[in-house]
Amino acid sequence: MKIKLMNLIILLLLLIGLVLVFYLTLRSRITRNESEKVIDDFEQVSKEFRGNDYGDDCDEDSASRHAQSQQLYDYMQTYNKEIYENGQANLKDKLKSVQ
């Protein structure tokens, strides 16, 4: 009787372990599929956005916005490169000066 009970407990623990492993594997696959769908949706919207703003039929406003965005991006790149090269020596915390 004791041996049957011990075998039953071992079998139960083994089944619980297997269910847990399979659940985690299944959950991982479901999460990966959902993530891939979100990424695909984002890429599609991004392509549509870029196509609408900068396509062949773009108007002067969108071309102007694009030029301004490019200028801002170039400025940010230059600024980031400068603070990286000088080790952020000239950076000041604006909140500390207010207090």
query: Which length gain, in nm to one decimal place, applies between LEU8 and VAL21 when the Cα-Cα distance is subtracted from 0.36 nm times their residue separation?
result: 2.7 nm
- prompt: What number in nm² do you get for segment 1-55 if you take the convex hull of its Cα atoms and divide its surface by four?
  reply: 3.3 nm²
task: Let me know the charge dipole size of segment 1-55 about its Cα centre in debye, to the nearest 20, where only the beta-carbon of Lys, Arg (+1) and Asp, Glu (-1) is charged.
output: 680 debye
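Each reported figure results from applying straightforward, stated rules to the coordinates on display, with no laboratory input. Just so we're clear, the structure is a prediction, and the values are computed from it rather than from any experiment. Note that we place each Cβ from the backbone using ideal geometry, even for glycine, and neighbour counts take in every protein chain shown.
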